Amino acid sequence: ATSPLYVVLREWQGLGYNRRGKLLRDAVKSVVEIHGGEIPRFYQDLRALPGVGDYTAKAVRVFAFDEWETMIETNIRAVFLHHFFPKSHHVPDARIVQYIELFRTRHPRRWYSALMDYGSVLKRGMPNPSRRSAHHSKQKLFKGSDREARGAVVRALSKKSEAEIGFALPGISTPRIRKAIYSLQKEGIVETLNGRLKLSR
């Protein structure tokens, strides 16, 4: 909560979307300032934290507090598609959730952990059942993506305190660097001062 953003982002390197590191820091600051440093237990309080959506709030309640929530993610989805919709395609989550609710238990942490492990095993031994979900989408390649350019900018700035705005990166074109910097500025991850660029504090 007290760490400057650039320190958090430096530690975050290799963990994926940098904005998630920023939102994690913002959420923790809110936990300290509003909840006295204790992670809130109730759904609405969790949802009010920066970057915490419906699934994350439910997952925190399930795994941190062992409270029941009807939740769905990719491995859970795979289990229910495999067992209850073996020949169906384009199955919406709303139909799957109806089945999940039938398995309400007093030990949701154990139940969902088992479901996730089982779903992971299923996907290794057969075609991924989640491909039959209405919500399935294939992630775009990292190489050549905006994510690659954004990550390269943050990685470069984490290695030095600041850089000229027009700096170059190997394998990333100048227009892609500019686009990445613009989006990172909008999200408050980088800032500029007197023609110099640095990670936000």
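The values are calculated or read from the model by the stated rules, or taken from the named source; none is laboratory data. The model shown is predicted, which means the values in this text are computed figures rather than measured ones. We place every Cβ from the backbone using ideal geometry, glycine too, and count neighbours over all the protein chains shown. Areas reflect the complete protein model, heavy atoms only, side chains present, ligands, DNA and RNA absent. Shrake-Rupley method; radii C 1.70, N 1.55, O 1.52, S 1.80 Å.
Could you please state, rounded to a whole Å, how far the C-alpha centre of the range 128-201 is from the C-alpha centre of the range 92-111? Cα centroid of the range 128-201 versus Cα centroid of the range 92-111: 37 Å apart. Convex hull volume per residue, computed on the Cα atoms of the range 1-43, equals 77 Å³. Would you mind classifying the chain by shape? Square roots of the alpha carbon gyration tensor eigenvalues, ordered a ≥ b ≥ c; an a/c under 1.5 is rounded, otherwise it is prolate if a/b is larger than b/c and oblate if not. Cα axes put the chain in the oblate bin. Computed from the Cβ-Cβ distance with R0 of 22 Å, the FRET efficiency linking Arg95 to Met126 stands at 0.60.
Once all protein chains are placed together, Tyr55 keeps about 80 Å² accessible to a 1.4 angstrom probe. By the rule of a C-alpha distance below 26 Å, with chain neighbours fewer than 8 residues away ignored, the lysines paired with Lys198 are Lys22, Lys29, Lys143, Lys159, Lys160, Lys179, Lys186. Mind pulling the angle between the C-alpha long axis of helix 174-186 and the longest principal axis of the chain? Nearest 10 degrees, somewhere in 0 to 90. Between the helix axis and the principal axis of the chain, the angle is about 70 degrees. For the chain, the fraction of 1.4 Å probe accessible surface lying on carbon and sulfur atoms is 53 percent.
Of the trypsin sites (Lys or Arg not before Pro) found in the range 26-66, those in coil by DSSP whose Cβ has at most 16 other Cβ atoms within 10 Å are Arg41. Taken per residue, the accessible surface of the chain reaches 62 Å², heavy atoms only and a 1.4 Å probe.
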